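The structure appears below as structure tokens.
Throughout, read-outs are computed from the coordinates displayed, never taken from laboratory work. Predicted model, so just to flag it, every value in this text is computed and none were measured. As a convention, Cβ positions derive from the backbone with ideal geometry for all residues, glycine included, and neighbour counts pool all protein chains shown.
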């Protein structure tokens with residue numbers, strides 16, 4: 001059974017994990033109200049998607 005001969009240092013561990021970082025959400029602006037929203041989702045503030053109202057909001 002393969003077992004490491006030496007302990008991996010914190011530096012080596014962290015260098016391996018550099019590509020596993022979390023990126024922020026990709027937001028676009030709503031064409032109706034201009035608020036930020038996720039692409040391919042209805043706007044949470046005005047409730048429109050592709051030019052028509054899909055969610056009733058106040």
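Once region 17-34 is narrowed to residues that are surrounded by fewer than 10 Cβ atoms within 10 Å (Cβ to Cβ) and more than 12 Å from the chain's Cα centre (by Cα), the residue that is nearest to residue 58 (Cα to Cα) is 20. Might you let me know whether region 35-57 holds any residue that is over 15 Å from the mean Cα position of the chain (by Cα), assigned to a helix (DSSP H, G or I) and without any contact (Cβ under 8 Å) to a residue 24 or more places away in the chain? Looking for residues that are over 15 Å from the mean Cα position of the chain (by Cα), assigned to a helix (DSSP H, G or I) and without any contact (Cβ under 8 Å) to a residue 24 or more places away in the chain, one finds none in region 35-57, hence no. If the condition is being touching a strand residue (DSSP E or B) at 6+ places or on another chain (Cβ under 8 Å) and in a loop (DSSP other than H, G, I, E, B), then region 12-30 contributes 27, 30.
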